[in-house]
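Novice: Following this message is one structure expressed as structure tokens.
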Amino acid sequence: MNTNILAPTAIVTSAAAQQQVKYNTKEIQEMDSAHYLHPFTDFKDLASRGARVMVKGEGIYLWDSEGKRVLDGMSGLWCVNVGYGRKRISDAVYAQMQQLPFYNSFFNTTNIPAVELAKTLVEIAPAQFNHVFFTGSGSEGNDTNIRMVRRYWDLLGYKDRHVIISRHNAYHGSTMAGASLGGMSGMHEQGGLPIPGIEHIGQPYYLEGGKGMTPEEFGLKAASWLEDKILEVGPDKVAAFIGEPVQGAGGVIIPPSTYWPEIQRICDKYGILLIADEVICGFGRLGYWFGSERFGIRPDLMTFAKGVTSGYIPLGGVMVGDRVAKVLIEKGGDFNHGFTYSGHPVACAAALENIRIIREEKLVDQVREETGPYLKQQFEALADHPLVGMAEACGFVAGLVLVKEKGATIFDAVSFPEDVGVGMVCRGHMFNNGMIMRAVGDRMIIAPPLVMTRAQIDEMVALIRFCLDQTLADLKQRGCL
Ligand code: PXG
């Protein structure tokens, strides 16, 4: 963990970090804990250890206020797809700010970057998408989905068709509606969630529920839970099903190949709208513009955020498929929903430049055909480490499971007792050795920037292995092994 040692101010020398020079690390940490309530954080605990202060990014690396370089295996928070330090994006943002820093899209007005971006998104999205609704974040995108699918069914005269089915351990955001759609019990416990009209089914996590089955058999079984729930709620009451193609925050849960086609079949059978939450999987993360394409599904709506601007400026939204758009437009009247920053010209200018970079550098093809398969090969080879029960990757997301003892199969492996907090122990070693890798329970996960090269994949995997060795030694020393 980070120390509270007073850092010599001179260590922070980078030109891009000039604004930090007036403070040393301890001063920033003190101001931070005095005034800044961080998201998803135990405030008291953070104040006692002091936050790590990030001051600069370049490519796949970050630098903290102690001058230490860190390999960012998480692309910020699943978003910096084109890597840090892209002057082209900052130039586009600067130019747009000078031209028109803001105007709204209400009251029959529009702006050029928003229109251009809508057109560009339609070009890169699957054929059924010809319209976009902009928001400021992924959470707002999912709030929009709820309002939009309910409005769709209302306009068609099905006023009872309001229930949305989601999954346990899904993440769909942190607004009241986003957190309700999500299946995180820790979030539901706070603030009286979920809101009414949202149901959850099990997740397609093979290791959790697939014992005695092949992954393909389990995929079909997990999809059948959707049909069970539809029949329980009543098919005439179900509006939509929502899912992330690969669950991200839930721990990189890659579904068996049979899962999504069966979900599609069930949605089609009951006429239920399919919403793909592409906030993480979109913009090349799985080697396709959208994760839905990787799994061969045809969603009616797709939530996006994060990678649309590579996180340089907040932006989110919903791609609206023809089935829904036609009804909203033709039967419409006012759709009473929207945000001050829907179609923000500066955010849209950032997205346009970001997408231009992804296209010019062919990052989607690169991940699908070149670096994605290489990452899979190298990352999955970590399964030979004594602490790793299994390791899997899909495009540029990957996860491994830490186990106390391996068995003949992963289902026979022995897990660490929960009080060891093995993921956090491992994360601590990653952190101290300049590698950002997330811990979700016993799963260690990565989602690196799409610009990562083969040589950098080698560097990252070697660093992960080194940190796993340190974790192993540490656990032995603590008597946990
Ligand atoms: N959907 C998905 C699939 C997400 O991953 C959101 C919606 C919400 O987006 P906004 O922009 O409102 O945050 C997300 C966000 C984590 C973590 O712990 C993941 C997210 C956010 C915060 C933490 O991995 N994803």
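The values are calculated or read from the model by the stated rules, or taken from the named source; none is laboratory data. On a predicted model such as this, the values are computed, not experimentally measured, just so you know. Glycine gets a Cβ as well: all are built from the backbone with ideal geometry, and neighbour counts include every protein chain shown. When the accessible area is computed, the model is the full protein with side chains, heavy atoms only, and any ligands, DNA or RNA have been set aside. Shrake-Rupley method; radii C 1.70, N 1.55, O 1.52, S 1.80 Å.
Novice: Given the residues Glu217, Glu199, which is the only one that is part of a strand (DSSP E or B), open to solvent by 10 Å² or more (accessible area, probe 1.4 Å) and more than 16 Å from the ligand (Cβ to nearest atom)? Spell out the reasoning first.
Specialist: Values: Glu217 fails: part of a strand (DSSP E or B).
The conditions single out Glu199.
Novice: If you scan the range 444-468, which residues turn out to be in contact with a His (Cβ under 8 Å, 6 or more places away or on another chain) and open to solvent by 10 Å² or more (accessible area, probe 1.4 Å)? Explain how you work it out, then say what you get.
Specialist: In the first step, residues of the range 444-468 are kept if they are in contact with a His (Cβ under 8 Å, 6 or more places away or on another chain); the result is 465, 467-468.
Within the range 444-468, Arg465 is the sole residue that qualifies.
Novice: All but one of (1) open to solvent by less than 30 Å² (accessible area, probe 1.4 Å); (2) within 19 Å of the chain's Cα centre (by Cα); (3) among the small types (Gly, Ala, Ser) hold for Gly441, so report the exception by its number.
Specialist: (1)
Novice: Out of curiosity, is Gly296 farther than 17 Å from Ser166 by Cα, crowded, with 24+ Cβ neighbours inside 10 Å and more than 15 Å from the ligand (Cβ to nearest atom)? Reasoning before the result, please.
Specialist: Details: farther than 17 Å from Ser166 by Cα: yes; crowded, with 24+ Cβ neighbours inside 10 Å: no; more than 15 Å from the ligand (Cβ to nearest atom): yes.
No: the conditions fail for Gly296.
Novice: Please enumerate the residues belonging to the range 247-267 that are touching a residue at least 60 places away in the same chain (Cβ under 8 Å) and either part of a loop (DSSP other than H, G, I, E, B) or away from the ligand (no atom under 15 Å from the Cβ) (or both).
Specialist: Restricting attention to the range 247-267, the residues satisfying the condition of being touching a residue at least 60 places away in the same chain (Cβ under 8 Å) are 247-254.
Answer for the range 247-267, where residues must be touching a residue at least 60 places away in the same chain (Cβ under 8 Å) and either part of a loop (DSSP other than H, G, I, E, B) or away from the ligand (no atom under 15 Å from the Cβ) (or both): Gly248, Ala249, Gly250, Gly251, Val252, Ile254.
Novice: Scan the range 328-339 and give yes if some residue there is in contact (Cβ under 8 Å) with a residue 24 or more places away in the chain, more than 14 Å from the ligand (Cβ to nearest atom) and either crowded, with 24+ Cβ neighbours inside 10 Å or under 24 Å from the mean Cα position of the chain (by Cα) (or both), otherwise no.
Specialist: yes
Novice: Scan the range 134-184 for residues that are among the hydrophobic types (A, V, I, L, M, F, W, C), more than 14 Å from the ligand (Cβ to nearest atom), closer than 24 Å to Gln203 by Cα and outside any strand (DSSP E or B) and report the count.
Specialist: Of the residues in the range 134-184, 1 are among the hydrophobic types (A, V, I, L, M, F, W, C), more than 14 Å from the ligand (Cβ to nearest atom), closer than 24 Å to Gln203 by Cα and outside any strand (DSSP E or B).
Novice: Out of the residues in the range 28-39 that are within 16 Å of the ligand (Cβ to nearest atom) and without any contact (Cβ under 8 Å) to a residue 40 or more places away in the chain, state the one that is nearest to Met184 (Cα to Cα). Before you say what the answer is, go through the steps one by one.
Specialist: Residues of the range 28-39 that are within 16 Å of the ligand (Cβ to nearest atom), as a first pass: 37-39.
Then keep just the ones that are without any contact (Cβ under 8 Å) to a residue 40 or more places away in the chain; that gives 37-38.
Working: Leu37: 21, His38: 19 Å.
If we take residues in the range 28-39 being within 16 Å of the ligand (Cβ to nearest atom) and without any contact (Cβ under 8 Å) to a residue 40 or more places away in the chain, then His38 is nearest to Met184 (Cα to Cα).
Novice: Which pairs do you get when a residue that is of a type in the set (Phe, Trp, Tyr), found in the range 60-85, comes within reach of a residue that is within 16 Å of the ligand (Cβ to nearest atom) and assigned to a helix (DSSP H, G or I), reach meaning Cβ atoms under 9 angstrom, with the pair 6+ apart or on two chains?
Specialist: As it stands, the answer is Trp78/Lys306; Trp78/Gly307; Tyr84/Gly76, since those pairs meet every condition given.
Novice: So how many residues does the range 87-116 have that are open to solvent by less than 50 Å² (accessible area, probe 1.4 Å) and within 26 Å of the chain's Cα centre (by Cα)?
Specialist: Of the residues in the range 87-116, 5 are open to solvent by less than 50 Å² (accessible area, probe 1.4 Å) and within 26 Å of the chain's Cα centre (by Cα).
Results for (1) open to solvent by 10 Å² or more (accessible area, probe 1.4 Å); (2) more than 16 Å from the ligand (Cβ to nearest atom); (3) assigned to a loop (DSSP other than H, G, I, E, B), shown as yes or no for each residue.
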| position | (1), (2), (3) |
| --- | --- |
| Phe241 | no, no, no |
| Pro245 | no, no, yes |
| Lys269 | yes, yes, no |
| Ile275 | no, no, no |
| Cys281 | no, no, yes |
| Arg285 | no, no, yes |
| Thr303 | no, no, no |
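Novice: Another question, if that's okay. Of the numbered conditions (1) closer than 30 Å to Gly212 by Cβ; (2) open to solvent by 40 Å² or more (accessible area, probe 1.4 Å), Gly407 fails exactly one; give the number of that condition.
Specialist: Tallying (1) closer than 30 Å to Gly212 by Cβ; (2) open to solvent by 40 Å² or more (accessible area, probe 1.4 Å), Gly407 fails exactly one: (2).
Novice: Return only the number of the condition from (1) within 11 Å of the ligand (Cβ to nearest atom); (2) in contact with a His (Cβ under 9 Å, 6 or more places away or on another chain); (3) open to solvent by less than 10 Å² (accessible area, probe 1.4 Å) that Pro314 does not satisfy.
Specialist: Only one criterion is unmet by Pro314, namely (3).
Novice: Considering Leu400, Leu382, Leu375, which residue is open to solvent by less than 50 Å² (accessible area, probe 1.4 Å), outside any helix (DSSP H, G or I) and in the same structural domain as Ile60 (by TED's automatic domain parsing)?
Specialist: Numbers: Leu382 fails: outside any helix (DSSP H, G or I); Leu375 fails: outside any helix (DSSP H, G or I).
Exactly one residue qualifies, and that residue is Leu400.
Novice: Right, another one. Take the range 185-195 and flag every residue that is touching a helix residue (DSSP H, G or I) at 6+ places or on another chain (Cβ under 9 Å), in a loop (DSSP other than H, G, I, E, B) and at pLDDT 95 or above.
Specialist: Answer for the range 185-195, where residues must be touching a helix residue (DSSP H, G or I) at 6+ places or on another chain (Cβ under 9 Å), in a loop (DSSP other than H, G, I, E, B) and at pLDDT 95 or above: Gln190, Leu193, Pro194, Ile195.
Novice: What pairs can you find where one residue is in the range 305-321 and assigned by TED's automatic domain parsing to the domain that holds Pro113 and in a helix (DSSP H, G or I), the other is hydrophobic (A, V, I, L, M, F, W, C) and within 12 Å of the ligand (Cβ to nearest atom), and their Cβ atoms are less than 6 Å apart, with a gap of 6+ or different chains?
Specialist: Going by the 6 Å Cβ cut-off, the qualifying pairs are Lys306/Trp78; Lys306/Cys79; Lys306/Val279; Gly307/Cys79; Val308/Leu315.
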